[in-house]
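Notes follow the structure.
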Amino acid sequence: MRLPHIDTNRCTGCGWCVAACPPRVLSLQVQAWRKRSVLHAPEACTGCSLCERRCPFGVINMVKTSSAPTRDGSEDPGLGP
Ligand code: SF4
Ligand code: SF4
């Protein structure tokens, strides 16, 4: 399984990835007074990587996950240290 990892510090909140996601599991959310893309429903992500390809700023990287995704997205499941 591969899930998008969003580097929120570099995300501009442009929303291209949100529009590109077929199952609509990405959304823009305000964090620290800025809009950022958030994977709000990782369990419904198909791993299609359209968001990764769509991001004009290279903010999204598909990463392999070894564990079940968490719903709140507070951690990046399966990522190394
Ligand atoms: S990999 Fe596909 S389904 Fe998953 S968040 Fe990106 S566009 Fe949406
Ligand atoms: S396309 Fe990239 S920069 Fe734009 S909201 Fe998505 S992750 Fe952020």
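Of all residues in the stretch 29-44, those that are open to solvent by less than 50 Å² (accessible area, probe 1.4 Å), within 14 Å of ligand 2 (Cβ to nearest atom) and not aliphatic (A, V, I, L, M) total 2. I'd like to know if the stretch 50-69 contains one or more residues that are part of a loop (DSSP other than H, G, I, E, B), more than 12 Å from C17 (Cα to Cα), open to solvent by 20 Å² or more (accessible area, probe 1.4 Å) and in contact with a helix residue (DSSP H, G or I) (Cβ under 7 Å, 6 or more places away or on another chain). Yes, the conditions are met somewhere in the stretch 50-69. Contact map, the stretch 45-57: first residue basic (K, R), second residue within 14 Å of ligand 2 (Cβ to nearest atom), Cβ cut-off under 7 Å, separation 6 or more or different chains; pairs are R54/W16; R54/C17; R54/A20.
So is V18 part of a strand (DSSP E or B) and of a type outside the set (K, R) or not? No, not satisfied. Taking the criterion of being over 17 Å from R53 (Cβ atoms) and open to solvent by less than 70 Å² (accessible area, probe 1.4 Å), the residues of the stretch 1-28 that qualify are T8, G13, S27, L28.
The values are calculated or read from the model by the stated rules, or taken from the named source; none is laboratory data. All values derive from a computational prediction rather than experimental measurement. We place every Cβ from the backbone using ideal geometry, glycine too, and count neighbours over all the protein chains shown. What goes into the accessible areas is simple: the full protein's heavy atoms, side chains included, and nothing from ligands, DNA or RNA. Shrake-Rupley method; radii C 1.70, N 1.55, O 1.52, S 1.80 Å.
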